[in-house]
Amino acid sequence: AKENGRNQMCFYTPAFSTHLVQNFNRVNQLRKAIEREEFELHYQPQVDAIHHKVTGVEALLRWKSSEFGMIAPSDFIPLAEENGLIVPISDWVLKEACRQLKKWQRQGLPSFTMSVNISAQHFQIQQFSKWVKKVLAEIGVAPSSICLEITESTAIQNMTYSREMMQELVDCGIRFAIDDFGTGHSSLMLLRRLPLHNVKIDKSFVSDMTGDDRDAGTIVKAVIAMSHSLGLSVIAEGVETKEQLLQLKNLNCDYIQGYLIGRPMSAEQFEDFLAAKQTE
Ligand code: C2E
Ligand code: CA
Ligand code: CA
Ligand code: CA
């Protein structure tokens, strides 16, 4: 059987087997990343559209792999989801985000919300709400200072479950944002049926808005009006130009996030960013 196995290897094209080795290697590296402290959270500011005061940050995961260098979350989160590694990674993310927020509160920084991305796989585990409550209690951060971001596709996998679990967390003060809004298929129904606080308009609409695509602007306008009439706040993501900012302001968008305001940055850089803003 061993002989056979070895022979079979010869049928793979070199490129494919290289890919296989790399992938196996990547999973192993990912497995060890937490203990090697190769993960880092970066924080991107969210500001109110009128005064540009910081109202929150979104925690964004970075993997500085000793073997492969910097790896984008879009390259390793799907891998982590396939291999069951998303649970320990998410556990680290929420804990680290809470620890950092607590540290900032202790330093006397003005209060703001910490937003954390939740993966579909992790959201679906039965103990999800228990786990969130436990982490917050252990670290000692107020649930009202945490916002969990979930995408439309995550929420619709099991609507009854999503709604009940979110409600349980909302009842203890946690907030929810629907991420990448407008890219899914059931957007309107979700806004009505889930206990949400914020709608994050996907950056594709924001970038199209100021181009030739008049429809993008119309959609953004409608999403903002509709969200407001349902009592939800709107965050525009991926705001890169002053023109986009101005248009969003005119459409009564509540909050702005994007490179125009600030890129995702390390905790130290964010402290400097805040300090610079306060002297503005
Ligand atoms: P997302 O949640 O939609 O995060 C926003 C992404 O847009 C981030 O990419 C951010 O760096 C980028 N971005 C922010 N402002 C601008 C802008 O003005 N222009 C452009 N072009 N891009 C902007 P990033 O950090 O590469 O993250 C990509 C995705 O990976 C996130 O999309 C999220 O789905 C996922 N992700 C990141 N961190 C975590 C995490 O801790 N847990 C989970 N489950 N997913 C995460
Ligand atoms: Ca997000
Ligand atoms: Ca998003
Ligand atoms: Ca996205």
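Can you tell me which residues in region 30-48 are more than 17 Å from Glu96 (Cβ to Cβ), touching a strand residue (DSSP E or B) at 6+ places or on another chain (Cβ under 8 Å) and surrounded by fewer than 20 Cβ atoms within 10 Å (Cβ to Cβ)? Scanning region 30-48 gives a single hit, Asp48. Residues in region 62-91 that are within 30 Å of Lys277 (Cβ to Cβ) and more than 9 Å from ligand 1 (Cβ to nearest atom): Trp63, Lys64, Met70. Residues of region 97-122 that are at pLDDT 95 or above, under 14 Å from the mean Cα position of the chain (by Cα) and not in a loop (DSSP other than H, G, I, E, B): Ala97, Thr113, Met114, Ser115, Val116, Asn117.
Filtering Ala155, Ala137, Ala142 for residues that are among the small types (Gly, Ala, Ser), over 13 Å from Leu94 (Cα atoms) and either within 16 Å of ligand 2 (Cβ to nearest atom) or free of Cβ contacts under 8 Å to residues at least 24 places away in the same chain (or both) leaves a single hit, Ala155. On inspection, Glu149 fails the criterion of being out of contact with any Cys (no Cβ under 7 Å at 6 or more places or on another chain), of a type outside the set (Gly, Ala, Ser) and open to solvent by 40 Å² or more (accessible area, probe 1.4 Å). The residue of region 126-145 that is nearest to Leu196 (Cα to Cα), among those that are in a helix (DSSP H, G or I) and open to solvent by 60 Å² or more (accessible area, probe 1.4 Å), is Ser144.
Which pairs have Cβ atoms under 7 Å, sit 6 or more apart or on different chains, and link a residue in region 73-92 that is on the phi < 0 side of the Ramachandran plot to one that is buried (at least 16 other Cβ atoms within 10 Å of the Cβ) and outside any helix (DSSP H, G or I)? These pairs meet every condition: Pro73/Leu60; Pro73/Leu61; Phe76/Trp63; Ile77/Ser119; Glu81/Ser119; Ile86/Ser119; Ser90/Ser119; Trp92/Phe39. Based on this model, can you work out whether Glu58 counts as charged (D, E, K, R), within 19 Å of Phe128 (Cβ to Cβ) and either modelled with pLDDT of 95 or more or crowded, with 18+ Cβ neighbours inside 10 Å (or both)? Taking the combined requirement at face value, the residue does not satisfy it. For region 106-125, residues that are open to solvent by 10 Å² or more (accessible area, probe 1.4 Å), in contact (Cβ under 8 Å) with a residue 40 or more places away in the chain and under 17 Å from Val135 (Cα atoms) total 3.
The values are calculated or read from the model by the stated rules, or taken from the named source; none is laboratory data. Predicted model only: the values in this text are computed from it and were never measured. For neighbour counting, all protein chains shown are included, and Cβ atoms are generated from backbone atoms with ideal geometry for every residue, glycine included. Surface areas here come from the heavy atoms of the whole protein model, side chains and all, with no ligands, DNA or RNA. Shrake-Rupley method; radii C 1.70, N 1.55, O 1.52, S 1.80 Å.
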